[in-house]
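> Sharing a structure with you now.
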Amino acid sequence: MLRLLADLLRPYRRNVGIILTAMLAQSAMSLAAPWPLKIILDSVVGHTRVPAWMANCLLPLLGGDSKVHIATLAAIIFVAIAAVGSVAFCSELVRADVHHALAGVERGWPAPTDTLCCGTLGSVEFLWEAGGALSRNELQERASRRLLTVIDSARSIGDYRWSNGNSQFNLGLFRGVAGVGYTALRRVDASVPNVAIWE
């Protein structure tokens, strides 16, 4: 049974490794999360001295060992634990999700419509954003080429392929010609925000 499971997971071993690493990091951060509260209860509310290594290494960075300094240190540790835990968990899972979505976009090209919401223009936008998120310039170049393919196709057949209405005078952003202009503008000016993907 384990051999079968290993064979099934072999093509996905990188993604599984990333996810397992992220899960271990998040678990470690979950175990460390109560530690700042212990510092507050023992050393700020109570009268126990902070551990020697903390008093010697960390408290001098804050300028003293008063209760305010100890509470500040506990807050900094709490924020650091939360940040490391969320970055380890979220960044790797997001990267894995982007890879899976990228495979879906590649399988679905070309879409039956030229819409921004769920057609060829949407896949152009996704490729552009995935290229930025994964630091893969070839995805952004592919997005630009696909946009030109959509525009050339509309020029050759006389219209875009809309899901509602059959005229290029369909002015909608998500399902009309405004989406073509918007997608083209984003290729020219990267500061134009992406309305199709929440960041």
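The values are calculated or read from the model by the stated rules, or taken from the named source; none is laboratory data. These figures come from a predicted structure and were not determined experimentally. Here the Cβ positions follow ideal geometry from the backbone for every residue, glycine too, while neighbour counts run over all protein chains shown.
> What pairs come up if the first residue lies in the range 6-33 and is closer than 19 Å to His99 by Cβ, the second is surrounded by fewer than 13 Cβ atoms within 10 Å (Cβ to Cβ), and their beta carbons are under 6 Å apart, counting only those six or more places apart or on different chains?
Pairs found: Val16/Leu9.
> Sort out which residues of the range 147-184 are modelled with pLDDT of 80 or more and under 23 Å from the mean Cα position of the chain (by Cα), and write them in order of number.
Hits for the range 147-184 are Tyr182, Thr183.
> Another question, then. When the residues of the range 148-163 are filtered to those that are free of Cβ contacts under 8 Å to residues at least 12 places away in the same chain and not in a helix (DSSP H, G or I), which remaining residue is surrounded by the most Cβ atoms within 10 Å (Cβ to Cβ)?
By that ranking, first place goes to Asp159.
> Here's something else I'd like to know. Please determine, by comparing only the residues of the range 70-113 that are out of contact with any helix residue (DSSP H, G or I) (no Cβ under 8 Å at 6 or more places or on another chain) and at pLDDT 80 or above, which one is surrounded by the fewest Cβ atoms within 10 Å (Cβ to Cβ).
Selected residue: Arg107.
Residues checked against (1) in a loop (DSSP other than H, G, I, E, B); (2) out of contact with any helix residue (DSSP H, G or I) (no Cβ under 6 Å at 6 or more places or on another chain); (3) surrounded by 12 or more Cβ atoms within 10 Å (Cβ to Cβ):
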{"site": "Leu4", "(1), (2), (3)": "no, yes, no"}
{"site": "Asp7", "(1), (2), (3)": "no, yes, no"}
{"site": "Arg13", "(1), (2), (3)": "no, yes, no"}
{"site": "Ala22", "(1), (2), (3)": "no, no, yes"}
{"site": "Trp35", "(1), (2), (3)": "no, yes, yes"}
{"site": "Leu41", "(1), (2), (3)": "no, yes, yes"}
{"site": "Thr48", "(1), (2), (3)": "yes, no, yes"}
{"site": "Ala55", "(1), (2), (3)": "no, yes, yes"}
{"site": "Leu61", "(1), (2), (3)": "no, yes, no"}
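> Could you list, in sequence order, all residues of the range 114-147 that are more than 20 Å from Phe174 (Cα to Cα), part of a loop (DSSP other than H, G, I, E, B) and either touching a helix residue (DSSP H, G or I) at 6+ places or on another chain (Cβ under 7 Å) or in contact (Cβ under 8 Å) with a residue 40 or more places away in the chain (or both)?
Leu134
> Scan the range 41-82 for residues that are among the hydrophobic types (A, V, I, L, M, F, W, C) and in contact with a His (Cβ under 9 Å, 6 or more places away or on another chain) and jot them down.
Answer for the range 41-82, where residues must be among the hydrophobic types (A, V, I, L, M, F, W, C) and in contact with a His (Cβ under 9 Å, 6 or more places away or on another chain): Leu59, Leu62.
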